[in-house]
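To start, the structure itself, in structure tokens.
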Amino acid sequence: MEQDISKRVEHGYANSGGVKIHFVTLGSKDNPVIVFIHGFPDFWYSWKDLIDSLSNQYFVVAIDQRGYNLSDKPKGEKNYNMNFLVGDVLSVITHLGYKKSIIVGHDWGGAVAWALAMMRPQVVDKLIILNSPHPRGIRHELATNPKQQKNSAYARSFQKKGASTYLTAEKLVSMLGDNVNKTAYLEAFNRSDFEAMLNYYKQNYPREPYALDPSPVIKVKAPVLIIHGLDDKFLHAGALSHTWEWVEKELTLVTIPGAGHFVHHDKTELVNRTIEMWLDK
């Protein structure tokens, strides 16, 4: 099925302020659209199983975020500010002729999905988040939980100058575990820009001294499904607390023991079934 899905999808590009954003699609455009946003380190192929299982009922779109695989890789840290990342997703939705979409995000893709839902609520029909707690929850844990501070050491190292020189495609693939097509990922990461990947952290991840978010709460207006692997070593489940205070409609929270940060790789069938059931209700 892995090779099959690569042959079945159609490829396209959207223009996001002069930056080309690559995406793949599968399914009929007459169906509701669902857009998938990957995280670090990953690319559109992360969603291969969901692309396949949902394409009968939805027009499925999976993007390569800027800096990754076949999307453009603009130089300069500021080009990876959250406003631009949100703009990339909007450009794909607009390019395809839609005004509204179901949005699914994992890791940095989840952070972009949260931001999109808050910045452009009229665009987000439903929101599905995998192992990417609400930004306020992450800020709270960083400010108050020594364990989260310790486990965010990787992010602080990524924010340092020259950190990308220590990355290789092979090292990035090793972060994903054994449940991935390593050949496909090596090809994608060898096409990617490691400095661009770390610019996500330099521009958007909280820096020390950690503090609570002082800005006014902007509630997410779409229904939200959160799926979180409880063995995540990077983003602890404690950050999920109080999420219900930051969403306006129903919040469904599913935690999965035995699954790590890449919950959709570790427990593929359970994650797929959960998403399908939630969308069908």
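If you go through the range 105-160 and keep only what is among the hydroxyl-bearing types (Ser, Thr, Tyr) and buried (at least 24 other Cβ atoms within 10 Å of the Cβ), you end up with just SER132. Within the range 202-222, is even one residue more than 15 Å from SER132 (Cβ to Cβ), under 19 Å from the mean Cα position of the chain (by Cα) and not charged (D, E, K, R)? Within the range 202-222, one or more residues are more than 15 Å from SER132 (Cβ to Cβ), under 19 Å from the mean Cα position of the chain (by Cα) and not charged (D, E, K, R). Residues that are of a type in the set (Ser, Thr, Tyr) and farther than 22 Å from ASP266 by Cβ were ranked within the range 180-201; the one that is surrounded by the fewest Cβ atoms within 10 Å (Cβ to Cβ) is TYR201. Looking at VAL86, VAL104, VAL24, just one residue is in contact with a helix residue (DSSP H, G or I) (Cβ under 6 Å, 6 or more places away or on another chain), of a type in the set (Val, Ile, Thr) and either assigned to a helix (DSSP H, G or I) or within 20 Å of ILE227 (Cα to Cα) (or both), and that residue is VAL86.
For the range 177-223, the set of residues classified as over 23 Å from ALA143 (Cβ atoms) and of a type in the set (Val, Ile, Thr) consists of VAL180, THR183, listed by residue number. In the range 26-38, the qualifying residues are those that are surrounded by fewer than 22 Cβ atoms within 10 Å (Cβ to Cβ) and touching a residue at least 40 places away in the same chain (Cβ under 8 Å), and the one that is farthest from GLY109 (Cα to Cα) is LYS29.
Of all the criteria given as (1) over 11 Å from the mean Cα position of the chain (by Cα); (2) assigned to a loop (DSSP other than H, G, I, E, B), the one not satisfied by GLN65 is (1). One residue stands out in the range 253-281 among those that are of a type outside the set (A, V, I, L, M, F, W, C) and farther than 23 Å from ASP52 by Cβ: the one that is surrounded by the fewest Cβ atoms within 10 Å (Cβ to Cβ), namely PRO257.
Residue pairs whose Cβ atoms lie under 9 Å apart, separated by 6 or more positions or on different chains, with the first residue in the range 250-277 and closer than 19 Å to TYR185 by Cα and the second of a type in the set (Val, Ile, Thr) and modelled with pLDDT under 95, are PHE262/VAL180; HIS265/VAL180. Tell me whether the range 233-254 contains one or more residues that are part of a loop (DSSP other than H, G, I, E, B), closer than 23 Å to ASN83 by Cα and among the small types (Gly, Ala, Ser). No, because not a single residue in the range 233-254 is part of a loop (DSSP other than H, G, I, E, B), closer than 23 Å to ASN83 by Cα and among the small types (Gly, Ala, Ser).
The values are calculated or read from the model by the stated rules, or taken from the named source; none is laboratory data. Small disclaimer: the values here were computed from a predicted structure and weren't measured. In this analysis, Cβ positions are derived from the backbone assuming ideal geometry, glycine residues included, and neighbour counts consider all displayed protein chains.
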